[in-house]
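Asks: Take this structure first; my questions come after.
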Amino acid sequence: MLAITSLTKHYGKLTALDGVSLDIGPGEFFGLLGPNGAGKSTLMSLIAGLKPADAGTITLAGQPAGFGPAAARTRRDLGLVPQTIALYDDLTAEENLRVFGELFALDRATLQERIDEGLAAVGLADRRKHRVKTFSGGMQRRLNLVAALLHRPKLLLCDEPTVGVDPQSRNAIFEFLEKRAAEGLTIIYSTHYMEEATRLCSRIAIIDHGKILADGSLNDLLGHLPSSEQLGLPLSAAATAALPALAAHGTVTTTDDGHQIALHPGTPLSTVFALTEKYGVPSSACTLSRPGLEDVFLHLTGKAFRE
Ligand SMILES: Nc1ncnc2c1ncn2[C@@H]1O[C@H](COP(=O)(O)OP(=O)(O)OP(=O)(O)O)[C@@H](O)[C@H]1O
């Protein structure tokens, strides 16, 4: 549906996007996960046509997309929830939505129907007559989401929509987006929160320094790691005695915090725990953890993820 090829963007000497290529299919809930300054907003702005690319192409359903007059038609098929809230403070929630709807030349009846439906869907129906300046950041975000979908775009771009948002609004945003995704809307969702990408996205691309480092389902990404589970042991004499036997089942690293054994994929936990028991390591002293996206990022970049 959305095809991006070798997209590059410089700001002066800084390369914000460096040859990004992506193919996003219809109905995908696509996560763009990267630390601050990775290039997420730049990529979103180029797709939305707010800025020109220096090189590369963007097409939506085979038609030119992005910046410039050739992409004017496909821009109608996009909705953007920008990182910075874009609403009129002195207008009420409903008045704001009317302004956005009129930009897309929606007829009065259709617009009213969509306003009512949208406000109800994000839990703002009872605040429709209140000015936006009286809203919390989270409420403003929710309203921005409704505004971006009034013209029923095929693709929704959400640029870090939960930054500075209270937990209640965060959940309302998640549930709203999950419903739209279940209805078939294609969503690109940028975030620097790994748990958001894990919860929401059917596919995740990890971006850093303007490059896509990995792209796939959560399981595909975890597949980059050499181990699926990690056993933690204390620095006790019993645990140290068990290490040679455990080393046959995984890679051992020892730090001041204890021994870590990254188990070889497919190692039965019963085998591992039989060994710790044999050497007298109490099970309460053992920990077992599954790796997450943080470990994938560390594995790919050699650096901890900076949120
Ligand atoms: N208008 C601009 N002029 C100069 N440099 C810019 C501009 N916009 C972004 N940058 C730089 O480009 C790089 C990518 O920025 P971008 O905003 O795309 O990243 P991001 O992943 O969205 O980060 P954040 O989560 O902080 O918004 C950063 O180094 C940023 O400082």
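Asks: Net charge near Phe67: determine it from the other residues with C-beta under 14 Å of the C-beta of Phe67, scoring Lys and Arg +1 and Asp and Glu -1.
Replies: +3
Asks: Return the aspartates and glutamates within reach of Lys303: Cα separation strictly under 15 angstrom, same-chain partners fewer than 8 residues apart disregarded; answer none if there are no such residues.
Replies: Asp208, Glu294, Asp295
Asks: Under the classification rounded if a/c is under 1.5, otherwise prolate if a/b is larger than b/c and oblate if not, where does the stretch 109-164 fall, given a ≥ b ≥ c as square roots of the Cα gyration tensor eigenvalues?
Replies: Oblate is the answer for the stretch 109-164, as a/c is 1.5 or above yet b/c matches or exceeds a/b.
Asks: Across all directions of projection, what mean area in square nanometres is found for the Cα convex hull of the stretch 85-215?
Replies: Over all viewing directions, the stretch 85-215 projects a mean Cα-hull area of 8.5 nm².
Asks: Can you classify the stretch 67-131 as rounded, prolate or oblate using the Cα gyration tensor, where a ≥ b ≥ c are the square roots of its eigenvalues, rounded means a/c under 1.5, and otherwise it's prolate if a/b beats b/c and oblate if not?
Replies: Prolate, since a/c reaches 1.5 and a/b exceeds b/c.
Asks: So if R0 is 22 Å, what FRET efficiency would Asn219 and Arg152 give, r being the distance between their Cβ atoms, rounded to the nearest 0.05?
Replies: Efficiency, rounded to the nearest 0.05: 0.10.
Asks: Can I ask one more? Of Thr186, Thr15, Thr271, which is the most mobile in a GNM of the chain whose springs link Cα atoms less than 10 angstrom apart?
Replies: Thr271
Asks: Same structure, new question: Given a 1.4 angstrom probe, what's the average accessible area per residue across the stretch 117-260, in square angstrom?
Replies: Heavy-atom SASA per residue in the stretch 117-260 reads 42 Å².
Asks: Another question about this same structure. Taking the 0 to 90 degree range and rounding to the nearest ten, how far is the long axis of helix 237-246 tilted relative to the main principal axis of the chain, both from C-alpha atoms?
Replies: Orientation of helix 237-246: about 80 degrees from the principal axis.
Asks: Over the stretch 170-307, what percent of the accessible surface lies on carbon and sulfur atoms, probe 1.4 Å?
Replies: 53 percent
Asks: So, one more: Could you work out the relative contact order of the chain, using alpha carbon pairs under 8 angstrom and six or more residues apart, expressed as a whole percent?
Replies: Values: 566 pairs, mean separation 61.9, N = 307.
After rounding, I find 20 percent.
Asks: Could you work out how far helix 137-149 tilts from the main Cα principal axis of the chain, as a 0 to 90 degree angle to the nearest 10?
Replies: 60 degrees
Asks: Now a separate question. So what does log10 I(q)/I(0) come out to for the chain at q = 0.15, 0.16 Å⁻¹, using the Debye formula with one equal point on every Cα and no solvent?
Replies: Values returned for q = 0.15, 0.16 Å⁻¹ are -1.11, -1.22.
Asks: Check cross-link reach from Lys154 to the lysines: straight Cα distance under 18 Å, and skip same-chain residues fewer than eight apart.
Replies: Straight-line reach from Lys154, under 18 Å: Lys179.
Asks: Using a Cα-Cα cut-off of under 16 Å, which aspartates and glutamates could be cross-linked to Lys133, ignoring same-chain neighbours fewer than 8 residues away?
Replies: Straight-distance partners of Lys133: Asp89, Asp90, Glu94, Glu95.
Asks: Let me ask something additional. Keeping all protein chains in place, calculate the accessible area per residue for the stretch 1-115 (probe 1.4 angstrom), answer in Å².
Replies: Each residue of the stretch 1-115 exposes 47 Å² on average to a 1.4 Å probe.
Asks: Nearest 10 degrees, 0 to 90: what angle lies between the long axis of helix 167-182 and the longest principal axis of the chain (Cα atoms)?
Replies: 80 degrees
Asks: Can I ask one more? Going by the alpha-carbon gyration tensor, a ≥ b ≥ c the square roots of its eigenvalues, is the stretch 133-201 rounded (a/c under 1.5) or, if a/c is not under 1.5, prolate (a/b greater than b/c) versus oblate?
Replies: Taking the square roots of the gyration eigenvalues as a ≥ b ≥ c, the stretch 133-201 is oblate.
The values are calculated or read from the model by the stated rules, or taken from the named source; none is laboratory data. Since this is a predicted model, take the numbers as computed values, not measurements. Every residue, glycine as well, gets a Cβ built from its backbone with ideal geometry; the counts of neighbours run over all protein chains shown. Note: accessible area is taken over every heavy atom of the protein model, side chains too, but ligands, DNA and RNA are not part of it. Shrake-Rupley method; radii C 1.70, N 1.55, O 1.52, S 1.80 Å.
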